[in-house]
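Trainee: Take this structure, written in structure tokens, and hold onto it; I'll ask about it next.
The values are calculated or read from the model by the stated rules, or taken from the named source; none is laboratory data. Since this is a predicted model, take the numbers as computed values, not measurements. Positions of Cβ are generated from backbone atoms using ideal geometry, with glycine treated the same way; all protein chains shown enter the neighbour counts. To get the accessible areas, we keep the full protein, side chains included, count just its heavy atoms, and leave off ligands, DNA and RNA. Shrake-Rupley method; radii C 1.70, N 1.55, O 1.52, S 1.80 Å.
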Amino acid sequence: MAELPIEERPRERLLQAGAETLSTSELLALVLGTGTRGESAIAVGERVLSHVGGLRELLDVQVSELRQVSGVGVAKAVTILAAIELGRRLHISVGAPAQKITSPQDAAGYLMEKLRFLRKEHFVTIHLDTKHQILGEEVVSIGSLNASIVHPREIFKTAVKRSAAAIICAHNHPSGDPTPSQEDIDVTKRLVAAGTILGVEVLDHIVIGDKRYISLRERGHFSDSHSLLG
């Protein structure tokens, strides 16, 4: 970026006017650090954004995909992913709800920003103690664009290790539409039955869409009348 006038260089502009004045490609240029021979870091940043489809798509980009962009090697790709993950964690920590789950809305709020932009289905479990305080969470499986494959053995393995009293299952629909499929309903019934045998209660199965969610318990797909508030 040395070929740019000083007042147009992203680093100098950030120092003088603040990061919020920079464009997305300029911010990405600072993350990249350097461009290529005959091409500025800003140009490489613009090409990265164009290749992946925009800023939002960076949330689920892979190193292999970034490396398809001319001028982006392993080091630059890893640096981009690290910056994106820091931003994601900061957003979650600032907007995170209380660490006690008392309703499907709490569970959806806890997972919404983690799952709603992902382009593949991620099946996640939240592990809870007897007071429904969060012990931890786990990504159990990552499926294709429209399907996840989950097995009770994988779902409950970590929950049992953590001595969880209950779990909440959740997965995202990359389409943005959280309407549960018949497969979602069947998987839920199988997990509830397995949880009963293992002594780990399945409180709900939440399907995450784009700023929307559906609770399978609220939809009546659990045989008991228990609720998270109960």
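Trainee: Right, ALA170: assigned to a helix (DSSP H, G or I) and either small (Gly, Ala, Ser) or modelled with pLDDT under 90 (or both) or not?
Mentor: No: the conditions fail for ALA170.
Trainee: Which ones in the stretch 83-92 are within 15 Å of VAL31 (Cα to Cα) and surrounded by fewer than 11 Cβ atoms within 10 Å (Cβ to Cβ)?
Mentor: If the condition is that a residue be within 15 Å of VAL31 (Cα to Cα) and surrounded by fewer than 11 Cβ atoms within 10 Å (Cβ to Cβ), then LEU86 is the only one that fits.
Trainee: Under the condition of being of a type outside the set (A, V, I, L, M, F, W, C) and in a strand (DSSP E or B), which residue from the stretch 194-216 is surrounded by the fewest Cβ atoms within 10 Å (Cβ to Cβ)?
Mentor: GLU201
Trainee: State whether the residues of the stretch 7-19 include one that is surrounded by 12 or more Cβ atoms within 10 Å (Cβ to Cβ), closer than 26 Å to LYS114 by Cα and among the small types (Gly, Ala, Ser).
Mentor: So far as the stretch 7-19 goes, yes, one or more of its residues are surrounded by 12 or more Cβ atoms within 10 Å (Cβ to Cβ), closer than 26 Å to LYS114 by Cα and among the small types (Gly, Ala, Ser).
Trainee: Name the single residue, out of those in the stretch 54-80 being modelled with pLDDT under 90 and among the aliphatic types (A, V, I, L, M), that is farthest from GLY35 (Cα to Cα).
Mentor: Selected residue: LEU59.
Trainee: Taking the stretch 60-80, which residues are hydrophobic (A, V, I, L, M, F, W, C) and either over 13 Å from VAL48 (Cα atoms) or open to solvent by 50 Å² or more (accessible area, probe 1.4 Å) (or both)?
Mentor: Across the stretch 60-80, the qualifying residues are VAL74, ALA75, VAL78.
Trainee: While we're looking at this one, here's another question. Step by step: first the residues of the stretch 12-30, then only those that are among the hydrophobic types (A, V, I, L, M, F, W, C) and touching a Pro at 6+ places or on another chain (Cβ under 8 Å), then the one that is farthest from ALA77 (Cα to Cα). Which residue is that?
Mentor: LEU22
Trainee: Here's something else I'd like to know. Among the helices (runs of 4 or more DSSP H) lying completely within the stretch 1-82, list those that include at least 2 residues that are of a type in the set (Val, Ile, Thr), in contact (Cβ under 8 Å) with a residue 24 or more places away in the chain and touching a Leu at 6+ places or on another chain (Cβ under 8 Å).
Mentor: Those helices (runs of 4 or more DSSP H) span 41-52.
Trainee: Something else about it: Of the conditions (1) open to solvent by 60 Å² or more (accessible area, probe 1.4 Å); (2) touching a strand residue (DSSP E or B) at 6+ places or on another chain (Cβ under 6 Å); (3) on the phi > 0 side of the Ramachandran plot, HIS132 satisfies every one except a single condition; which number is it?
Mentor: The single condition HIS132 does not satisfy is (1).
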